[in-house]
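Every number here is computed from the coordinates shown, using simple stated rules; none is lab data. These figures come from a predicted structure and were not determined experimentally. We place every Cβ from the backbone using ideal geometry, glycine too, and count neighbours over all the protein chains shown.
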Amino acid sequence: MTKDVDSRPVLIAPSILAADFSRLGDEIRRAEIAGADWLHLDVMDGTFVDNISFGPMVCETVKKASSLPTDVHLMIQRPDHYFPRFVGSASNITVHVESSHNVATTLEGIRAAGCTAGLSLNPATPFEQVEPYLESIDLLLVMTVVPGFGGQSFMPEMMAKVKAAAEFRSRHGLDFRIEVDGGINAETGRICVQNGADVLVAGTYLFHSPAIAESVSLLRSLRTE
Ligand code: DX5
Ligand code: ZN
């Protein structure tokens, strides 16, 4: 089990937050053609984070425009109340451990609704806070910036949590994905993969890249180096 998990390919999830919304359909196609595995959708409510992005309607639009799995990241205060509105447009729904909800019940509800369930933790949150839930998730999202905005600098000190997650996963024979989000590029992505991450979210690096296909391939090749 451990060996299989460790040899899985790294998945690349472009965050559409950095896309040009005036031509969102074209941007999605650009990411698809470049070889993206998932599309990462950052939902922000202006309360849990200091920014407001988009909600279910944009997620539905993306779902209609693409055949890729959608990775919906809910940076919102009441994910228990709102997640049902994303079920139709999400393959995976990730909620934060810091939000105001019963985390176990929300994760169970997401799975019961037919999506995979992710759990995320902010830079200030210790790894121990997510430990009780690691047997009930499909993905752990370790934030490598304070969530709210694209284009911030990667926080290398978060690698201790990525490493702890990979160790916990192997010790308990689990297979949840370990995703990182914030400031990811070829250089920081390499550090993440070396520490055990296997899903790389990247907004600015990919959508602002002059050659997005090369950038996707570069991120994907990090596992085999
Ligand atoms: C941060 C979001 C990220 C963000 C990443 O609040 O969760 O997904 O879009 O953007 P970059 O890759 O530009 O740091
Ligand atoms: Zn995100």
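In table form, for the structure just shown:
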read-out	value
The listed residue being away from ligand 1 (no atom under 16 Å from the Cβ) and in contact (Cβ under 8 Å) with a residue 60 or more places away in the chain, out of G25, G35, G88	G35
Strands (runs of 3 or more DSSP E) (entirely within the range 1-113) containing at least 1 residues that are closer than 21 Å to V130 by Cα	39-44, 70-75, 92-96
Exclusive hit being small (G, A, S), surrounded by 22 or more Cβ atoms within 10 Å (Cβ to Cβ), touching a Pro at 6+ places or on another chain (Cβ under 9 Å) and without any contact (Cβ under 8 Å) to a residue 60 or more places away in the chain, set G182, G203	G182
Spans of helices (runs of 4 or more DSSP H) in the range 115-225 with at least 3 residues under 30 Å from T105 (Cβ atoms) and more than 15 Å from the chain's Cα centre (by Cα)	159-171
Search result, residues across the range 36-54 that are more than 13 Å from ligand 2 (Cβ to nearest atom) and either buried (at least 16 other Cβ atoms within 10 Å of the Cβ) or of a type in the set (S, T, N, Q) (or both)	A36, D37, D45, T47
Tabulated pairs, the range 135-150, first more than 22 Å from N51 (Cβ to Cβ), second within 14 Å of ligand 1 (Cβ to nearest atom) and among the polar types (S, T, N, Q), C-beta under 7 angstrom, 6+ apart or interchain	D138/N92; L139/N92; L139/T94
Residues located in the range 73-94, provided they are of a type in the set (A, V, I, L, M) and within 17 Å of G46 (Cβ to Cβ)	L74, M75, I76
Among the residues listed as N102, N51, the single one being within 16 Å of ligand 1 (Cβ to nearest atom) and either aromatic (F, W, Y) or out of contact with any Pro (no Cβ under 7 Å at 6 or more places or on another chain) (or both)	N51
